[in-house]
1. Of the conditions (1) within 17 Å of the chain's Cα centre (by Cα); (2) over 26 Å from Ser125 (Cβ atoms); (3) touching a residue at least 12 places away in the same chain (Cβ under 8 Å), Ser78 clears all except one; give me its number.
2. Restricting attention to the range 1-24, which residues are farther than 13 Å from Glu106 by Cβ, at pLDDT 90 or above and either open to solvent by less than 60 Å² (accessible area, probe 1.4 Å) or under 22 Å from the mean Cα position of the chain (by Cα) (or both)?
3. Find all pairs meeting these conditions: Cβ atoms under 9 angstrom apart; at least six residues apart or on different chains; first residue within the range 49-61 and at pLDDT below 90; second residue surrounded by fewer than 13 Cβ atoms within 10 Å (Cβ to Cβ).
4. Of all residues in the range 34-68, count the ones that are of a type in the set (Ser, Thr, Tyr) and under 22 Å from Thr126 (Cβ atoms).
Amino acid sequence: ILPRFLIKRISDNDINQINWNILISTVLILFALSFIKLSMINYIPHFCLFERLTGLPCPVCGITRSVLCLYDLKIVDSLKFNPNGFIISTAFVLQIPMRIIALTNEDYFPLIEKISRIMTRLIISTLLIYWFYHIINLKF
């Protein structure tokens, strides 16, 4: 999420720029999420543009609440909001050590990129499975 001109100040190497951007962005997002409390979110009325426009359940609704429950170690509540929150959080947190490894040894970059692509495919797949499950269970 960081602009390229900022990342270029850290490193001239294109591969390291990718790793620094993902590492810093991940840390910043996790830091920002640590200030949001689930009780604060519950006061915000739920509005989903996807659901309003399509009339179908949204595959990503509940992920923010799910992640915030994980912060509070409320795993059962997290899974109730959206089971994908656990998978997304795990993949997100794993980026930190993976990018540190890639920055310290560029030989691991291809492996780390492959792992990241696998995690992305896993997330997309589970989101689609979750979405199809909810669509099938709609009462028409």
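1. (2)
2. Correct list: Asn21, Ile22, Leu23, Ile24.
3. Between residues of the range 49-61 that are at pLDDT below 90 and residues that are surrounded by fewer than 13 Cβ atoms within 10 Å (Cβ to Cβ), the close pairs are Leu56/Ile135; Leu56/Leu138; Pro57/Ile135; Pro57/Asn137; Pro57/Leu138.
4. 3
For (1) within 18 Å of the chain's Cα centre (by Cα); (2) closer than 30 Å to Gln17 by Cα, each residue gets a yes or a no:
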| position | (1), (2) |
| --- | --- |
| Leu56 | no, no |
| Leu73 | yes, no |
| Arg99 | yes, yes |
| Ile112 | yes, yes |
| Arg117 | yes, yes |
| Ile124 | yes, yes |
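The values are calculated or read from the model by the stated rules, or taken from the named source; none is laboratory data. Here the structure is a predicted model, which means the values were calculated and not measured. Note that each Cβ is placed from the backbone with ideal geometry, even for glycine, and that neighbours are counted across all protein chains shown. For the accessible areas, the whole protein counts, side chains as well, though only heavy atoms, and no ligand, DNA or RNA atoms are used. Shrake-Rupley method; radii C 1.70, N 1.55, O 1.52, S 1.80 Å.
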